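Notes follow the structure.
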Amino acid sequence: MIEFIKDLLRHIIKGNKLYYTWLSVLVLVITAGAIAYFRQLDEGLIVTNMRDQVSWGFYISNFTFFVGVAAAAVMLVIPSYIYHFKPIKEIVLFGEMIAVMAVIMCILLVVVDMGKPFHAWHIMMTPNFPSSLLVWDVIVLNGYLIINMSAVTYVLYRAAHGKEYKMSIMWPIVLLSIPWAFSIHTVTAFLYNGLSSRPFWNASIVAPRFIASALCSGPALMIIVFQIARKVSEVDISNEAIQKIAELIAYAMGLNLFLYAAEIFKEFYSHSIHLAPMDYLFFGLEKGGEHHNVLVPFTWIALFCNVTAFILFLMPKMRHKFTTMNLACVMILVGVYIEKGMGLIVPGFIPDTLGEIYDYLPSATELIVTAGIWAVGALIYTLMIKTAIPIYKGELSLIPKEQRRKIPAH
């Protein structure tokens, strides 16, 4: 084991100039984020642009997005373990690693949004279980992290011994991970959905929309990450696996746009008093002779990106070309990131309970802290990939060198 750990550390620190440059950039961004966060701890959340009128902002926007990325690992788990689709089965572990990365980022985003991380102690001491949805969110997020870390650790442990994993052990993990993946985004949706004083969120369609958009953005991120991984490393990811993920995105994106269109129709056709948040999102609101429209450009960019990406994914010729497929993936990430982020969180507070309209955009502190958390996630995933590949190739092993052989990934 000691020799294995030494070999592992040697593989982690070994790399070309591009690898060292990448790690250096991530460390610099993490350092900048940490400095900005300590300033926030010292001076308080006043350094952010969140106020009483808009008390959730950029941190929770990113949290909502990455919960969807984490949940999307189920898009690889089902065809891999249930239907034994070989191309997906060869890369499912890398998808589970993305889930681990995303959940850790979600936890960090919640911590920085608290103001003081010690506030989490109150949840532990007075959980109000099962009435508090916040407690349920803590349970499902940490549970999902444990499930995916268990799967990744077990598969790599067996690979380090030159053996394939046993389905008798993986089946309970798989059967638990599938409903759990849906639960993490469902409970997150219920956090908004259960707030009756916020009509923009208080709709039963929020949870299905969350799931549908998660099954678009998560796999889109996976496609891009997998292509980068196979270019800069020796990991074997087939085109067939990537094309199958792209096909699944097309179906999910169609459902996501349908649900979004249904919500838009309901709000604008009924033209009730609760139209204000949606009106603010798409056209802006007039109050006191001032036009409040800071989110309008972002909303239309998101809608354009989502519709265009759906059209590209829907056409097999476009979907099979890597240029147009990658363009569509980027557009989905941009569109869903805006739609589920600032386009979901901020309008829920507009107007506030006193009718006031506060135009929120993140401060420099929020942007830098969030960038630091993104860099933490990227660093975690880089190191996981750097560890997993040599284990799969048999370069890192817990068996004697003279008995080693190249083992298959699955």
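Structure notes:
- Within segment 304-330, the residues that satisfy the criterion of being of a type in the set (A, V, I, L, M) and either closer than 15 Å to G218 by Cβ or touching a strand residue (DSSP E or B) at 6+ places or on another chain (Cβ under 8 Å) (or both) are A309, A328, V330.
- With respect to the conditions (1) surrounded by fewer than 18 Cβ atoms within 10 Å (Cβ to Cβ); (2) in contact with a Leu (Cβ under 8 Å, 6 or more places away or on another chain); (3) touching a residue at least 12 places away in the same chain (Cβ under 8 Å), E247 lacks only one, and its number is (2).
- Of the candidates K340, K321, the single residue that is basic (K, R) and surrounded by fewer than 18 Cβ atoms within 10 Å (Cβ to Cβ) is K321.
- Checking each residue in segment 168-219 for being touching a residue at least 60 places away in the same chain (Cβ under 8 Å), within 24 Å of A262 (Cα to Cα) and small (G, A, S) picks out G194, S197, A203, S213, A214, S217, G218.
- Tallying residues that are surrounded by 17 or more Cβ atoms within 10 Å (Cβ to Cβ) and either aromatic (F, W, Y) or over 13 Å from I60 (Cα atoms) (or both) within segment 360-369 yields 4.
- F313 falls short on exactly one of the conditions (1) at pLDDT below 95; (2) of a type outside the set (K, R); (3) buried (at least 22 other Cβ atoms within 10 Å of the Cβ); (4) within 25 Å of L195 (Cβ to Cβ), and that condition is (4).
- Flag for I139 being assigned to a helix (DSSP H, G or I), under 22 Å from Y81 (Cβ atoms), without any contact (Cβ under 8 Å) to a residue 40 or more places away in the chain and not charged (D, E, K, R): no
- The condition of being closer than 28 Å to G44 by Cα, assigned to a helix (DSSP H, G or I) and among the aliphatic types (A, V, I, L, M) does not hold for A302.
- S55 among the small types (G, A, S) and more than 20 Å from S363 (Cα to Cα): no
- Consider segment 10-24 and keep the residues that are of a type in the set (V, I, T) and without any contact (Cβ under 8 Å) to a residue 60 or more places away in the chain. The one that is farthest from I373 (Cα to Cα) is I13.
- Filtered residue count, segment 16-68, keeping only those that are within 21 Å of the chain's Cα centre (by Cα) and outside any helix (DSSP H, G or I): 2
- Where F268 falls short, out of the listed (1) touching a Phe, Trp or Tyr at 6+ places or on another chain (Cβ under 7 Å); (2) part of a helix (DSSP H, G or I): (1)
- Within segment 145-183, the residues that satisfy the criterion of being surrounded by 15 or more Cβ atoms within 10 Å (Cβ to Cβ) and of a type in the set (F, W, Y) are Y154, Y165, W180, F182.
- Counted residues, segment 215-241 - those being among the aliphatic types (A, V, I, L, M) and more than 23 Å from the chain's Cα centre (by Cα): 0
The values are calculated or read from the model by the stated rules, or taken from the named source; none is laboratory data. Worth saying up front: this structure is predicted, and the values here are computed from it rather than measured. For neighbour counting, all protein chains shown are included, and Cβ atoms are generated from backbone atoms with ideal geometry for every residue, glycine included.
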